[in-house]
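The values are calculated or read from the model by the stated rules, or taken from the named source; none is laboratory data. None of these values were measured; they are calculated from a predicted model. Using ideal geometry, Cβ is built from the backbone for each residue, glycine included, and neighbour counts are taken over all protein chains shown. Just so you know, the surface numbers come from the protein's heavy atoms only, side chains and all, with ligands and any DNA or RNA stripped out. Shrake-Rupley method; radii C 1.70, N 1.55, O 1.52, S 1.80 Å.
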Amino acid sequence: MRTLTASRLNVLYDEFLDTVRQFIIRHKITEGEYQQILGFVAELGQSGEAPLLMDVFLGVTVDDLTYEHLNRLGGTRSNLVGPFYLEGAPLRPRPYRLGRDNEPGDTLYLSGSVRDAKTGAPIASALLDVWQTAGNGQYDHIDPDQPDFNMRGKFVADGEGRFEIRTVVPEAYQIPVNGPTGRMLAALDKPAWRPKHIHVKLSGDGYVPLTTQLYFEDDPWLDKDIVAGAPKPELTTRLEKHDRPDEIAEKDVDRPFYTARYDFRLVPAS
Ligand code: DHB
Ligand code: FE
């Protein structure tokens, strides 16, 4: 992936300034408004929310532009990494699960496979690095009630590229509302919610790594995501509820549970 070199910066710099100047002129931005914007930018920097706010407004466009070609080659559609990925999630032992023994929320078995985008052949031992909110809609590193890396983990697909992970159904997520990002969204009268989603980074020997997110049908926030354009229909799967006593007994759970499936496709590196 291309990153910003000095020569590229030189190409972008003049045009960026020109674009912003034209914008200022077109909208007759005043000195008073300019001072307000400077104050906001300073506060945004200090709050640590700059990546959050930038991602909300620009992340999807950049992600689509960078990775669309992989989708055209048959690969699973990419989706933005978002501001809440943490390096170093633990490699989980089998049987795979996320969350504590009595993790609050609805138990979800997420299963599926990882396959070659060209041939459909399974990718044995593909690696899935998964992160999501808990059942309370909170990411673990922000929620004082969850242990570190509670809802994060690495999982290795089996010899046929298959995986099954026991987790909980994530909850719709409200991005932090007490900082400058939340204040701006409130001023814009935009609800600061994301539909429930599960993040996955996938990799396999000889394949282009993929970062994406899964969404769930019938989520009322799907078409009102504050990260507009992030929920793609092709990344939306279905939560299937299982409440028959025989199904519950078979899964060794004590109440109704959900399943969801997704088959990922990775593009060969060459
Ligand atoms: C954003 C993305 C997420 O996945 C999330 O949970 C919160 C915010 C974002 O793009 O800003
Ligand atoms: Fe997220």
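Global dimensions of the stretch 1-47 from alpha-carbon coordinates: Rg and Dmax equal 14.2, 40 Å.
So what's the angle, to the nearest 10 degrees on a 0 to 90 scale, between helix 60-72 and the longest Cα principal axis of the chain? So the helix axis and the longest Cα principal axis differ by about 50 degrees.
Taking the Cα atoms of the stretch 1-148, the ratio Rg/Rh between the radius of gyration and the Kirkwood radius comes to 1.06.
Based on protein heavy atoms only, the chain ends up with 57 Å² per residue of surface accessible to a 1.4 Å probe. A simple packing score, the average count of other Cβ atoms within 10 Å per residue, orders the peptides 27-36, 53-62 as 53-62, 27-36, with the highest score first. Placing +1 on each Lys and Arg Cβ and -1 on each Asp and Glu Cβ, with no other charges, gives the chain a dipole about its Cα centre of roughly 580 debye. Only lysine pairs 8 or more places apart, or on different chains, with alpha-carbon atoms under 28 angstrom apart are counted in the chain, and they number 23. Just name one of ILE25, LEU12, SER47: the one whose Cα is farthest towards the positive end of the charge dipole of the stretch 1-47 (beta-carbon charges, Lys/Arg +1, Asp/Glu -1). With unit charges placed on the Cβ atoms, the residue in question is LEU12. In loop segments of the stretch 109-195 as defined by DSSP, the trypsin sites (Lys or Arg not before Pro) with at most 14 further C-beta atoms inside 10 Å of their C-beta are LYS118.
Placing unit charges on each Cβ (+1 for Lys and Arg, -1 for Asp and Glu) gives the stretch 186-270 a dipole about its Cα centre, and among HIS197, PRO233, TYR207 the Cα reaching farthest toward its positive end belongs to TYR207. Peptides 8-15, 262-269, 92-99 ranked from most to least packed, by the mean per-residue count of other Cβ atoms within 10 Å: 262-269, 92-99, 8-15. Equivalent-ellipsoid semi-axes for the chain (Cα gyration tensor, √(5λ), whole Å, largest first): 37, 24, 16.
The residue among PRO95, VAL62, PRO144 whose Cα reaches farthest toward the positive pole of the charge dipole of the stretch 49-266, with charges on the beta-carbon of Lys, Arg, Asp and Glu, is VAL62.
Annotation for the stretch 165-242 versus the stretch 1-79: alpha-carbon center distance of 21 Å. Each Lys and Arg Cβ is given +1 and each Asp and Glu Cβ -1; about its Cα centre, the stretch 146-270 then shows a dipole of about 540 debye.
Of the GluC sites (Glu not before Pro) in the stretch 208-270, the ones in a loop by DSSP (not H, G, I, E or B) with at most 16 other beta carbons within 10 Å are GLU217.
For the chain, carbon and sulfur atoms together expose 55% of the accessible surface, with a 1.4 angstrom probe and every protein chain in place.
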